[in-house]
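*Asks:* Please read through the structure below; I'll follow up with questions.
What follows draws every value from the coordinates through simple rules; no lab data is involved. Owing to the predicted nature of the structure, the values given are computational and were not obtained by experimental measurement. Every residue, glycine as well, gets a Cβ built from its backbone with ideal geometry; the counts of neighbours run over all protein chains shown.
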Ligand SMILES: [Zn+2]
C-alpha cells in the first residue's frame, strides 16, 4: 500500500483537460494529487502534529474545563483562536515556523482576522502579521458556508442566505413554468432546492422566525397560486397546506440539541456543559436561546429534565406542538379576515386544497384561487383602494339593478345578469334559493365536475375577475 502511494507521488505525471483535449504531461513535486480520494486523509496525516506545535504552553486558546482549543481544522481550512492579540500573534508565528519546516505555504490573501467584540472599531494594538505581511481585519468571515459577524449576530448571514435562496427560487419557478408541474409537488421541490439553502446550518442561527427568509417562501407560494403579492398570507398557507419555514428550523435545532446531549465527542460535550452554565448565569448564548424556545412552547419541564427525556419521541411531540400553535393562530387569522370572509367555511382544516390537483389547466385554476382568496376584480375588492375607492356599502354590482354589493357570493350564485351562463355551469341546488351555506359548500366541494364547471363559469366571466386587477 505504502509503495503504491509512494510511486503515485514519484512516477505518476499529470496533465490538464480543457474542452475535451489534454495538455502535455508534466511532473509536479508539491501538494497532493487533486481529486484523488486519499488526498484528504494524507493531508490530515500530514497536519496531525500541527496542533501540538501550536500549543507550546498551557493556557493557550479557549479553555473549557480541562480542554483547550487552539485551532479548528476542516479539510484545508484552518481557524486559529486566541484570547488576546499577543496570544493570536504567537500562534500565527508558530504556524509560520511549522509551515517553513514542512514546506507548506499559507495563502495570506485568503487569510483574515475577525476580532469578536460587542461593538466599536478594532483597537490600535490589534494588528497581526504573517511572515511580516499584514493580515487584513474583517467584520464578517464566511466559515463552512456561514457568515460569522464580529458581534456574533447572524443578521448578515441571513441576508446572504436570503440572496442565495431568492436566486434558487427564481430558477425553480422558471423550470416549474416550463414543465407544468402540479402544485402538489411544488412544495417538495421548494424544500429540496430552496429551503435547503434558506435554512442552511440553521441549527446554529435559526431561532428567529425571520420574516426576510419567509418572504421568499410566500413569494414562491403566491407565484404558484397565481395571486398578487398583497394576498393574505394565511390564505396562501391554507391553500397549499404549507407551514412557515421556521417550523423546520426549530425542529432541526431540537434534533441538534439531542445530538449534543448524546454525543461522545468530548469537545461538544464540554462546550454544551459550559454553555448551559453560562446560560444559567444569565449569559446570552445558543443554549439560552434554546431554553427560551422550549419555554415559549410550554416545554420548560423538558429543559429542566433534559437528561432523562426520550429525545426521539420529544422531537415528534415538539414538532406537533409547533404545528398546533401555528394552525391555531392561522384559524384566528382567517376567522377575522375581512378580505376572505368565506374562507373559514371553505377551508376549515389546514390541508392541501384538493382543487389544486383537480384543475390541471393553470388559467382555470388561478381564477378559482383568486375567488377563494378574495383577490379577484369584483367591486367589493377593487373598491378598497386607489382611484376606485368607494365606501364598502356602496360597492354595488355594476351588472344588475339589485344594488347588491358585488362580492363573490353575488357574482357566483345571485347576480341576475349572469343567470343564463349560470344555468349552464352551476348545479340547480346551488342557484335555487341561494344561501351562504350553499355558496361556501360549492367552493369547498371535492366533486370534480362541479369544480371544473365552476372554473369555467368564472373564466367565461373573466372580464370581471381579471380586468380590474
Ligand atoms: Zn349583479
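*Asks:* Quick check: the angle from helix 311-336's long axis to the longest principal axis of the chain, C-alpha only, nearest 10 degrees?
*Replies:* 40
*Asks:* Let me ask you something else. Could you tell me the ratio Rg/Rh of the range 1-134? Both radii from Cα atoms, Rh via Kirkwood.
*Replies:* For the range 1-134, the value is 1.07.
*Asks:* Can you tell me the Rg and Dmax of the range 245-353, counting just the alpha carbons, in angstroms?
*Replies:* Spelled out, the Cα radius of gyration and Dmax of the range 245-353 are 18.0, 57 Å.
*Asks:* Helix-only estimate, please: 222 nm mean residue ellipticity of the chain, summing -39500 (n - 2.57) across DSSP H runs of length 4 or more and dividing by its residues, to the nearest 500.
*Replies:* -15000 deg cm²/dmol
*Asks:* Here's another thing I want to ask about it. Translational diffusion coefficient, Stokes-Einstein: compute it for the range 171-275 using the Kirkwood radius over C-alpha pairs as Rh, at 4 °C and 1.567 mPa s, and state it as an integer in µm² s⁻¹.
*Replies:* My calculation gives 83 µm²/s for D.
*Asks:* Taking the simple approach of a point 7 Å from Cα along Cα-to-Cβ for both residue 208 and residue 324, what is their distance in nm?
*Replies:* 2.9
*Asks:* Still on this model: Mind giving me the nanometre distance, one decimal, between the label points for residue 6 and residue 419, set 7 Å out from Cα along Cα→Cβ?
*Replies:* 10.2
*Asks:* Further question on the same structure: Kirkwood Rh, Cα Rg: Rg to Rh for the range 327-436?
*Replies:* On the Cα set of the range 327-436, Rg over Rh gives 0.98.
*Asks:* Can you give the FRET efficiency for residue 345 and residue 171, using 1/(1 + (r/R0)^6), R0 = 41 Å, r = Cβ-Cβ distance, to the nearest 0.05?
*Replies:* 0.60
*Asks:* Arranged from highest to lowest average of other beta-carbon atoms within 10 Å per residue, in what order do the peptides 420-433, 247-260 appear?
*Replies:* Order by mean packing, descending: 247-260, 420-433.
*Asks:* Determine, for 357, 275, the number of other Cβ atoms within 10 Å of each Cβ, and report the residues in order from fewest to most.
*Replies:* Ordered from fewest to most neighbouring Cβ atoms within 10 Å, 357, 275 come out as 357, 275.
*Asks:* Need the full-extension length gain, residue 25 to residue 388, defined as separation in residues times 0.36 nm minus the C-alpha distance. One decimal, nm.
*Replies:* 123.2 nm
*Asks:* Right, something else. What Kirkwood Rh does the range 36-90 have if only Cα atoms enter the pairwise 1/r average? Answer in Å.
*Replies:* About 12.4 Å, per the Kirkwood formula over Cα pairs.
*Asks:* Run the simple label-point estimate for residue 459 and residue 296 please: 7 Å along Cα→C-beta, distance reported in nm.
*Replies:* 4.4
*Asks:* Tell me, what is the Rg over Rh of the chain, with Rh the Kirkwood radius over Cα pairs?
*Replies:* 1.11
*Asks:* Which angle between 0 and 90 degrees, to the nearest 10, do you get for helix 362-373 versus the longest principal axis of the chain when only C-alpha atoms count?
*Replies:* So the helix axis and the longest Cα principal axis differ by about 80 degrees.
*Asks:* In whole angstrom, note down how far apart the Cα centers of the range 404-463 and the range 44-117 are.
*Replies:* A separation of 73 Å, based on Cα centres.
*Asks:* Another question about this same structure. Place the peptides 2-14, 228-240 in order of packing, highest mean first, counting for every residue the other Cβ atoms within 10 Å and averaging per peptide.
*Replies:* The densest-packed peptide leads the list: 228-240, 2-14.
*Asks:* Let me ask something additional. DSSP beta bridges in the chain, what fraction antiparallel, as a percent rounded to 5?
*Replies:* For the chain, the DSSP antiparallel bridge percentage is about 90.
*Asks:* What is the list of residues in the range 95-124 whose amide nitrogen lies under 16 Å from a point 7 angstrom out from the Cα of residue 56, following Cα to Cβ?
*Replies:* What the label zone holds, given the 16 Å backbone N cut-off, is 95-102.
*Asks:* Can I ask one more? Suppose R0 equals 51 Å. What FRET efficiency, 1/(1 + (r/R0)^6) with r the Cβ-Cβ distance, do residue 151 and residue 352 give to the nearest 0.05?
*Replies:* So, using R0 = 51 Å, E works out to roughly 0.80.
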